[in-house]
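First the structure, in the form of structure tokens, and then the observations on it.
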Amino acid sequence: MEKARAFAEFEAFYDLFRPLTPYGRVYREKRPFFSDAAALKEEYDLTAAAGAFLAANRHRADRLRFHLRNLPQLDLPAPENSGAAGLFLARKFLSNAKEIFALLPAPLRARFSARWESSGLLDLLDKGGKGEAFHIADAYCPDLAAERARIAACDLALKRLLEKRHKALRERWGLDFSDREFLVVEEKTAARFSGAPELFVEPFDAGHVTVKPVSGPEYMETVSVRDRHRAAEQELEAAVVKKLSAAVQAEKRSFQAYAQAIEKIDIAAERARLAGELEMTRPVMSKRPAAIRLVKARFLPLEAKLREAGLKYTPLNADFPRRVNIIYGSNMGGKTVALKTLAFLQLAAQSGFFVPAARFETCLFDTLAFIGGSEMETAGGLSGFGLEMNEFSAAYYGLRNGSTLLLMDEFARTTNSQEAAALLSAILSDLETRPGAAAFLATHFSGLRTGKGSASFMMRGFDTEAFNKFFSAKPACGLDEKLRMINRFMRYELRQGAAGAEARDALKIAGILGVSKAIINKAQDFMEEKK
Amino acid sequence: MDFIKGLTDRTVFIVGSKKNAGKTTFLNYAMSRLRGSTRLAALSIGVDGEACDQIFGNPKPQVRVEAGDLLLCADTSLKNSDLSFDILNVYPFCTALGRPLLLRARRRGKAEISGPENNPQLAEILADMRRHGAGTVFIDGAVDRITQAAEGGNASLVYVAKVEPENLISSASALKLLWAASRAPLWKPGSKSREPVLFAEGALTAGKIPPKNEKGTLVIEDPTKLFLSWQEWQALNARMDVRFTRRPDLAAFIVNLYNISRADFEKNLALPALAERIIYNPYALG
């Protein structure tokens with residue numbers, strides 16, 4: 001499956017899928033692939049419902065995204081391990097969940113199983129909150145308010161004592177401690193402080209001492225009183241935290257239900273956003289085996305690249321009524337892109353997404369397998385050919401366990417054409433007899449022998465007539481211009497019923513790409529002789 | 001000490017020449033000076049293992065806070081804390097010290113500040129602090145995180161050095177290097193530069209200095225990427241134009257002298273222009 005994902009450049013699209021909640025992000029990392037029709041239908045239904053709501057309620061959509069983005073991950077610890085931070089998160093989670101649910105109309109809430117039933121708990125936590133902030137408020141415990149009032153009185157007394165002490169030190173010794181807890185003083189200067197009970201002096205370095213104010217007994221006594229009140233406050237706070245944590249814990253099941261509902265909302269909203277922005281439509285899934293049909297299907301990674309290069313992109317139209325299909329075509333004629341488009345749409349559809357096509361009819365497969373692109377690879381001593389055969393064997397025997405969409409690009413191109421054609425003919429004939437398989441082969445080899453269960457197609461290829469009419473012997477300069485020219489006159493259309501047909505565009509393409517006219521002419525002569 | 005008023009509404013990185021150089025002590029002093037004129041925020045960066053105060057060898061000084069100050073603290077540090085606070089955010093990442101919380105002090109107290117472990121986390125926390133009204137944000141520690149905030153164009157750097165006889169030469173060298181780098185011109189794409197223009201990727205160490213026959217312009221990311229001696233820097237400058245792509249504003253050098261007189265230190269520094277920029281021991285009398 002990974003190779004099929006890579007072939008379809010699916011990651012480039014998946015990178016755009018950015019759920020906003022931590023729950024949605026966990027879902028994303030699982031990379032679900034649906035092979036159950038009912039489960040997939042549920043995903044599509046939710047995406048469609050979310051999409052309709054978001055499109056009709058732009059302001060609410062913005063608010064929904066705001067609250068989804070603000071929703072924290074909540075791992076409920078046992079009450080004894082919880083703290084104010086856990087309560088802050090519980091409150092933040094509930095506040096956002098409540099808003100998210102409230103923004104959705106009742107029928108949509110029901111579809112997402114979003115039932116709000118924690119008003120009592122949120123009211124309780126709100127006693128410690130104002131806006132985003134949360135603290136263990138006096139409102140939770142009258143004794144807390146009393147202790148805090150005593151601490152505040154101590155703080156005031158300490159402040160006054162300190163100011164009084166600083167004033168006295170300024171007046172008597174000229175030492176200003178208002179912004180500093182200590183001063184560094186030359187030893188000889190400090191000699192005059194010797195024996196002053198209100199100053200503490202200790203060595204700093206060989207020539208200096210540090211001087212600190214001595215706080216005095218009244219100050220120390222007030223500090224001691226404050227410490228006792230602070231200890232009492234901490235005990236009361238701990239009791240409040242325990243009580244609130246127990247209240248949160250008691251609604252653990254509700255929290256889990258909210259998290260599940262929010263994950264669904266987040267995923268559906270994000271899929272709907274992508275569907276809207278990328279003009280995607282709901283796939284039409286039929287029971288397998290079924291014909292596969294693509295109408296104006298777009299391979300998004302290529303579409304984006306061509307748009308960037310200022311080149312035209314041609315969407316793909318194709319009907320594949322049979323399970324086994326062979327696609328012939330020119331060099332650069334779009335065979336591989338046709339395969340990639342199909343792989344991309346099938347992966348997107350079975351990952352729960354809508355697809356970039358005016359219409360995409362298909363059926364579910366248990367897996368996708370891609371074979372090809374191994375010309376330059378070697379693995380475990382296998383050549384590119386060996387690697388392809390090994391991959392085919394794995395996919396072939398995998399058919400025992402379930403259905404497979406098999407995509408083969410220039411399979412066996414690295415061996416001699418006679419044996420390759422024989423091997424491919426045998427493989428395709430065999431696959432016709434296996435109902436779990438749907439196979440698509442893009443190839444250069446002409447005249448493959450297959451049975452009635454196969455269909456052949458051909459990319460329309462280079463439009464020589466249009467090219468000759470437009471192109472008045474002016475050579476193309478630079479790779480960009482050459483590609484632009486090929487893009488302009490290549491017809492990326494798939495035509496059915498081209499069994500045994502051969503593409504004859506290679507020499508034209510070679511000419512455009514700069515191969516000398518003499519060589520092209522010579523090659524044409526050889527072609528004529530062969531005829 | 002008027003430079004402290006100049007830190008108002010800026011992101012101030014307090015970096016030290018070494019562990020226990022006196023960064024947190026300076027932080028307390030600067031916060032005390034600025035309090036009342038702007039909302040203050042403080043966090044640290046990096047787990048540097050500092051356990052002791054540079055002045056007395058006492059346990060590392062905590063940050064003194066007043067009601068309304070914003071702080072980043074690890075949840076683990078709050079268990080026995082004196083602090084009373086509002087929680088403004090709990091971040092979804094963990095550091096070696098625990099989960100960072102953004103707090104607003106509800107009354108006077110002391111706090112052990114904490115910090116993120118990477119630049120994206122730092123950016124998120126700084127944005128959060130600003131959203132909650134922070135004017136001046138102090139960042140205590142790790143010099144290698146300056147660049148992130150420096151990109152905002154509102155970052156200042158305060159360099160705190162502890163100079164003792166045993167590190168006199170290296171301390172003077174480090175100060176001169178940072179001072180010289182802070183005066184080097186910025187490089188911008190398309191700006192007129194002596195050819196060829198070479199770019200130093202990451203840290204510039206002695207081993208990565210371009211060969212001696214190489215002339216032209218050398219572009220370095222920022223002064224914190226310089227790991228050269230003063231002599232190496234001078235030699236490099238003599239043959240190449242050195243430029244930086246970004247550079248935080250160097251607000252001040254704070255130098256705490258131990259067993260060295262100011263005259264001896266400045267003699268070793270041998271750069272009168274730099275000596276004028278130094279603030280010696282802000283805790284000294286007079």
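Quick check on my link table: of A:130/A:243; A:98/A:287; A:3/A:312; A:252/B:79; A:159/B:79, which ones sit more than 30 Å apart, alpha carbon to alpha carbon? A:98/A:287, as the Cα separations exceed 30 Å there. Any idea what angle helix B:23-34 forms with the longest principal axis of chain B, computed on alpha-carbon atoms, 0 to 90 degrees, nearest 10? Tilt of helix B:23-34: around 70 degrees. Placing unit charges on the Cβ atoms of the charged side chains and taking the dipole of the range A:142-222 about its Cα centre, the candidate lying farthest along the positive direction among A:214, A:157, A:144 is A:157.
First select every other residue whose beta carbon is under 11 angstrom from the beta carbon of residue A:149; then total the charges, Lys and Arg +1, Asp and Glu -1. Counting the neighbours of residue A:149, the net charge comes to -3.
In sequence order, the range B:266-273 has phi-based couplings of 5, 5, 5, 5, 6, 9, x, 5 Hz under the Karplus curve 6.51 cos²θ - 1.76 cosθ + 1.60, θ = phi - 60°, and Gly or Pro positions carry x. The packing ranking of peptides B:260-268, A:268-276, highest mean first, is A:268-276, B:260-268, where packing means the average number of other beta carbon atoms within 10 angstrom of each residue. For the residue pairs A:335/A:517; A:212/B:23; A:188/B:267; A:41/A:335; A:188/A:212, alpha carbon separations beyond 21 Å are given by A:335/A:517; A:188/B:267; A:41/A:335. Rounded to the nearest whole Hz, the Karplus-based 3J(HN,Hα) values (6.51 cos²θ - 1.76 cosθ + 1.60, θ = phi - 60°) of the range A:36-48 follow the sequence 9, 4, 5, 5, 5, 4, 4, 4, 5, 4, 5, 4, 5, with x at glycine and proline.
In this structure, the amide hydrogen of residue B:259, modeled 1.01 Å from its nitrogen in the peptide plane, lies closer than 5 angstrom to those of A:206, A:207, counting only residues at least 5 positions away or on a different chain. Across all C-alpha atoms in chain B, the radius of gyration and Dmax reach 19.7, 62 Å.
Each of B:219, B:231, B:193 was scored by the projection of its Cα onto the charge dipole of the range B:185-244, and the greatest displacement toward the positive side belongs to B:193; charges sit on the C-beta of Lys, Arg, Asp and Glu. Running Debye on the protein assembly as shown with equal point scatterers at the Cα sites and no solvent, what base-10 log of I(q)/I(0) appears at q = 0.09 Å⁻¹? Listed by q, the Debye log ratios stand at -1.03.
Of the three principal axes defined by the Cα atoms of the range B:185-244, the extents in descending order read 30, 25, 17 Å. One Cα centroid belongs to the range A:182-220, the other to the range B:197-256; the line between them spans 44 Å.
Read-outs throughout are calculated quantities, based only on the coordinates presented, and are distinct from any laboratory measurement. Please read these numbers as outputs of a predicted model, since none were measured by experiment. All Cβ positions, glycine included, derive from the backbone under ideal geometry; neighbour counts span all protein chains shown.
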